[in-house]
Amino acid sequence: MAILVVGGAGYIGSHAARALRRSGYEVILYDNLSTGHRRLAQGFELVDGDMADEPKLRSVLTRVDAVMHFAAHAYVGESVENPRKYFRNNVEAALTLLNATLDAGIRRFVFSSTCAVYGVPTQIPITEENPRQPVNPYGTSKLFCEYALEAYDRAYGLRSARLRYFNAAGADESGEIGELHDPETHLIPLALAATGPGELQIFGTDYPTPDGTCIRDYIHVSDLAEAHVRALQHLEKGGDSVALNLGTGGGHSVLEVIHAAEAATGRAVRRKVGPRRPGDPPVLVADARRAQQVLGWKATRTLADIVSGAWQWMQRVQSGS
Ligand code: UFG
């Protein structure tokens, strides 16, 4: 069984590629390396191609049985400033991929969605039934793909798993791959960097949470990757299309993450308190029960595992090894 991992040289795609290989799948990566890295694709066949390049996609799709799609721009703030970029790639080019997949006769598709499709949740923890009302173009672009997949299922029998990630973080236990964003905007790598020369700005301490800082559901990228394999197996067994939250079901505040970074590194995180970041809801925590029911999957790694793995990876990158 061969799988095309589109965006396979990116952070989550590269972890999914390894999880697939560990489960016995043949894997081909497809990535235009605009934000992906050859380093993360090492040891895999990598087709250097854009999602908008239909002929190239068509030729590689003849060699696979299913598609996993990770290739998206994913900065919320940038999507507000430059929605055109987000709709061109995350919607227009994604549709090219979807149509080429369909034309190739492939009927199994695993899609990287996001909790950003919910916008401001109506209740915590967030179930899959929460209304989907994204509050930024990034979330809107992902929701479009969810709608397209739902329509393609009804019309053409293209079965899909739409996996709504909460806050992905951490690094593969092998130490070979991890998070490499440029610019880096995510809390965990920034908190770790602030144990050195950097300084972390805490975006608000006046939220209605126990310590006043925002709470998020941090999920280890390897747990996420394993959920993708389970989702593919669900579709292979003839399972129906599904939309699933991928989170731990528990939340941690910004201050708790800082303390975890201090415990993992043995150093202080230099920080200052800044204003709230526009668009940040106070609490985002998944109700992760459906993924457990449908896939028999549950996140097993803790915040300490996430932070220590991210720290090992960061040291490796900094040392140039
Ligand atoms: N934070 C800080 N300081 C920083 C960076 C982040 O205090 O320098 C805080 C944020 O305010 C937030 C938390 O740390 O409360 C986590 O922020 P991240 O930027 O790491 O992650 P987000 O929750 O903003 O983003 C994640 C995904 C997005 C997705 C979004 C949905 O990375 O892809 O959740 O809300 F769209």
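The values are calculated or read from the model by the stated rules, or taken from the named source; none is laboratory data. All of these numbers come straight from a predicted model, not from anything done at the bench. Here Cβ is always computed from backbone atoms with ideal geometry, including for glycine, and neighbour counts include all displayed protein chains. Side chains included, ligands, DNA and RNA excluded: accessible areas come from the protein's heavy atoms. Shrake-Rupley method; radii C 1.70, N 1.55, O 1.52, S 1.80 Å.
I'm checking my understanding of the structure. Among residues of the stretch 39-55 that are in contact with a strand residue (DSSP E or B) (Cβ under 7 Å, 6 or more places away or on another chain) and in contact (Cβ under 8 Å) with a residue 24 or more places away in the chain, which one is surrounded by the most Cβ atoms within 10 Å (Cβ to Cβ)?
Met51
Just to be sure I understand, how many residues within the stretch 250-297 are away from the ligand (no atom under 16 Å from the Cβ) and either touching a residue at least 40 places away in the same chain (Cβ under 8 Å) or surrounded by 15 or more Cβ atoms within 10 Å (Cβ to Cβ) (or both)?
The initial filter retains those residues of the stretch 250-297 that are away from the ligand (no atom under 16 Å from the Cβ), namely 263-268, 289-297.
Filter once more, so that each one left must be either touching a residue at least 40 places away in the same chain (Cβ under 8 Å) or surrounded by 15 or more Cβ atoms within 10 Å (Cβ to Cβ) (or both): 263-265, 267-268, 289-291, 294-297.
The qualifying residues number 12.
Name every residue in the stretch 186-230 that is among the aliphatic types (A, V, I, L, M), open to solvent by 20 Å² or more (accessible area, probe 1.4 Å) and within 26 Å of Arg164 (Cα to Cα), in order of residue number. First the steps, then the outcome.
Step one: list which residues in the stretch 186-230 are among the aliphatic types (A, V, I, L, M), which gives 187-188, 190-194, 200, 202, 215, 219, 221, 224-225, 227, 229.
If we keep only those that are open to solvent by 20 Å² or more (accessible area, probe 1.4 Å) as well, we get 187, 190, 193, 215.
Those that are among the aliphatic types (A, V, I, L, M), open to solvent by 20 Å² or more (accessible area, probe 1.4 Å) and within 26 Å of Arg164 (Cα to Cα): Leu187, Leu190, Ile215.
Would you say Val76 is in contact with a strand residue (DSSP E or B) (Cβ under 7 Å, 6 or more places away or on another chain), touching a residue at least 60 places away in the same chain (Cβ under 8 Å), β-branched (Val, Ile, Thr) and surrounded by 15 or more Cβ atoms within 10 Å (Cβ to Cβ)?
Working: in contact with a strand residue (DSSP E or B) (Cβ under 7 Å, 6 or more places away or on another chain): no; touching a residue at least 60 places away in the same chain (Cβ under 8 Å): yes; β-branched (Val, Ile, Thr): yes; surrounded by 15 or more Cβ atoms within 10 Å (Cβ to Cβ): yes.
When the stated conditions are applied, Val76 does not pass them.
Check Arg301 against each of (1) farther than 16 Å from Asp223 by Cβ; (2) in a loop (DSSP other than H, G, I, E, B); (3) in contact with a helix residue (DSSP H, G or I) (Cβ under 6 Å, 6 or more places away or on another chain) and name the one condition it does not meet.
(1)
Tally the residues that are aliphatic (A, V, I, L, M) and open to solvent by 10 Å² or more (accessible area, probe 1.4 Å), restricting the search to the stretch 1-18.
At the first step, the residues of the stretch 1-18 found to be aliphatic (A, V, I, L, M) are 1-6, 9, 12, 16-17.
With open to solvent by 10 Å² or more (accessible area, probe 1.4 Å) added as a condition, the list becomes 1, 12.
Result for the stretch 1-18: 2.
Here is a list: Ala286, Ala304, Ala264. Which entry is aliphatic (A, V, I, L, M) and over 27 Å from Pro121 (Cβ atoms)?
Working: Ala286 fails: over 27 Å from Pro121 (Cβ atoms); Ala304 fails: over 27 Å from Pro121 (Cβ atoms).
One residue alone meets the criteria, Ala264.
Name, by its number, the condition in (1) within 15 Å of the ligand (Cβ to nearest atom); (2) within 30 Å of Ala100 (Cβ to Cβ); (3) in contact (Cβ under 8 Å) with a residue 40 or more places away in the chain that does not hold for Leu143.
(3)
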